[in-house]
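I have placed the structure first, in the form of structure tokens, so that the comments after it can refer back to it.
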Amino acid sequence: MPDNLPPSRLTDRVTGLRALQRAVDECASAGTQLTAVFLDGGTVAQGTWTPTAGNGTWPLPRLAEPLVRQVRAGDLIVLLGGETLLCALPGMEIADGRRRFAGVAERLGGGALRLGVAGPVDGDSALDLAANAEADAPESADGASPVRLSLRLPADMRAARRARVALRLFEDELSPDEFAVLALVVTELVTNGVRHGSSREAATVLLDLVMSEQELRGSVVDQGAGFEPATASSDGPGGLGLMIVHRSSRRWGTADAGRRVWFEFGRTAAVPAE
């Protein structure tokens with residue numbers, strides 16, 4: 001089997017967090033290295049790509065072409081939402097993964113891509129590995145320092161309230177209307193994550209929010225069975241929450257078979273400091 005995949009076979013490597021967890025477990029059992037590369041292409045230019053319900057099964061066009069040159073037949077691609085994805089490279093050392101994917105950044109141009117590389121620590125889950133790789137990436141492509149909130153919430157009746165309390169981090173940065181919409185969307189999605197997620201006692205809901213001067217991007221991940229966004233209704237899995245996201249956000253979608261819901265809000269002028 002050839003080392004690099006032709007463009008027509010790139011979709012064969014696109015998978016979800018469950019497959020990534022299997023790769024983490026297999027490499028830990030065999031004592032082999034696993035390197036994760038986090039890629040964030042930033043904001044999509046107006047009119048270049050319009051998702052209807054997430055990424056589907058193909059990375060965005062501007063990332064797909066340079067990815068083909070770097071992804072091997074045994075590698076995995078996890079679509080995280082928007083222009084954000086994670087590549088898992090079994091059997092590759094971290095330094096080799098960083099060198100391999102430096103070419104992707106070069107092909108897209110300086111400042112056009114956030115890239116982070118990490119390997120699992122003993123006991124890390126797939127979500128831990130993804131978070132570590134993202135943490136290794138520069139704060140943003142333009143050098144600014146965004147405001148960020150990442151929470152792992154126990155999937156119980158208190159999760160939505162805890163998320164709303166944590167949102168106070170953004171209260172002084174957003175207009176009252178923007179903050180109210182954010183609180184509503186996060187409350188609905190976290191509540192859905194608890195309601196439709198795993199029934200295991202240790203189940204969690206993962207909330208991630210990143211705010212720059214131009215936009216606010218967020219995602220909520222649960223550990224449930226997922227759902228088909230195209231069939232969602234106000235009575236179905238995630239129905240009310242997804243209707244609110246659709247009406248409130250500039251762009252939104254799902255990934256990992258409906259277990260991750262991501263969204264983007266455009267921002268008005270920043271609230272002036274007193």
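The values are calculated or read from the model by the stated rules, or taken from the named source; none is laboratory data. Bear in mind that the values here come from a model prediction, so they are computed numbers and not experimental data. Cβ placement follows ideal geometry from the backbone for every residue including glycine, while neighbour counts extend to all protein chains displayed.
Observations
- Enumeration of residues in the stretch 61-86 that are of a type in the set (Val, Ile, Thr), within 27 Å of GLY218 (Cβ to Cβ) and at pLDDT below 80: THR84
- Once the stretch 187-217 is narrowed to residues that are β-branched (Val, Ile, Thr) and touching a strand residue (DSSP E or B) at 6+ places or on another chain (Cβ under 7 Å), the residue that is farthest from ARG251 (Cα to Cα) is THR204.
- Among the residues of the stretch 87-115, those identified as of a type in the set (D, E, K, R) and either modelled with pLDDT under 75 or assigned by TED's automatic domain parsing to the domain that holds VAL210 (or both) are GLU106, ARG107.
- Single residue of ALA141, ALA118 found to be at pLDDT below 85, surrounded by 16 or more Cβ atoms within 10 Å (Cβ to Cβ), small (Gly, Ala, Ser) and over 14 Å from the mean Cα position of the chain (by Cα): ALA141
- The set of residues in the stretch 1-50 that are at pLDDT 60 or above and of a type in the set (Val, Ile, Thr) comprises VAL14, THR15, VAL24, THR32, THR35, VAL37.
- Any hit, the stretch 165-175, residues being outside the structural domain of THR84 (by TED's automatic domain parsing), closer than 24 Å to ALA255 by Cα, among the hydrophobic types (A, V, I, L, M, F, W, C) and assigned to a strand (DSSP E or B): no
- Subset of the stretch 187-207 [over 15 Å from SER219 (Cβ atoms) and at pLDDT below 75]: SER198, SER199, ARG200, GLU201, ALA202
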